[in-house]
Every structure is written in structure tokens, then in C-alpha cells.
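Working notes, structure below.
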Amino acid sequence: MSEKPNTRPEQEGMEDDDSDILVTLTLDDDSEVECSILTIYECDGKDYIVLLPLDENGEENDEGEVFIYRYSEDGDGNPSLENIEDEDEYEAAAERFDELLDEAEWDALLEDD
């Protein structure tokens, strides 16, 4: 479900697009990927952000691929994203995101009743 991208977080920028906040990731090969923010959540006392890559038309991709980063804000409220280097931490964060997806799907089913 989630993949660990090769990015340089220090090269990430955010821009406000009226209805959505988009994040531009600069990959190791210097290509850029626009992403929408799916969620920000807590796992084991740390915050994480899940980004959904958009296609060349700015539409959500159909591949089910997402990027997960450690998320924080500085004293001025500016966001900061960090690669998750520790494999155990990444697995825990990805597993928690999967749990959140399952909960959201269950909630959607209950609302349909």
C-alpha cells in the first residue's frame, strides 16, 4: 500500500491551491511530484503525514501508492517533513495508516446504513 520514496525533504515546498494544500516533492533524480495531503496522524508519540501523488493532470493516481513522512512544525507553525530512515518506525507508521484506512472504510459502511 505505501512506499518509501527517495526524496530530499529539505527540497519540499508547499503551496495553497484554494481548496487543497499541495506538496511538491523533489525526488533524488531532481524530478518533481505534486501530492495532495491525505492525512496527518500520530503513531507512537510522533506525527506522520501521508501524501498521495497526483498525475500530470493534477488528478489522484490510480496506483494506490502513497508516501509517508515524519511530520512536525517549527515554532512559527511552518511544516517540516523528514524521511523515515528506521525500517521499524516506517513499518509501524505504515501499519497505523492501514488501520486508519480500515476504520474510515468501516465508518463509511456504517453511514450507508
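The values are calculated or read from the model by the stated rules, or taken from the named source; none is laboratory data. Keep in mind it's a predicted model, so treat the numbers as computed, not measured. Counting neighbours? That spans all protein chains shown, and the Cβs are built from the backbone with ideal geometry, glycine included.
Observations, loosely collected:
- Tallying residues that are in contact with a helix residue (DSSP H, G or I) (Cβ under 7 Å, 6 or more places away or on another chain) and within 11 Å of D47 (Cβ to Cβ) within the stretch 76-96 yields 2.
- D16 vs. criteria modelled with pLDDT under 90 and among the acidic types (D, E): yes
- Tally, over the stretch 43-91, of residues that are closer than 20 Å to I21 by Cα and without any contact (Cβ under 8 Å) to a residue 40 or more places away in the chain: 22
- Leading residue by the ranking (farthest from A104 (Cα to Cα)) among those in the stretch 21-64 that are of a type in the set (S, T, N, Q) and within 11 Å of the chain's Cα centre (by Cα): S36
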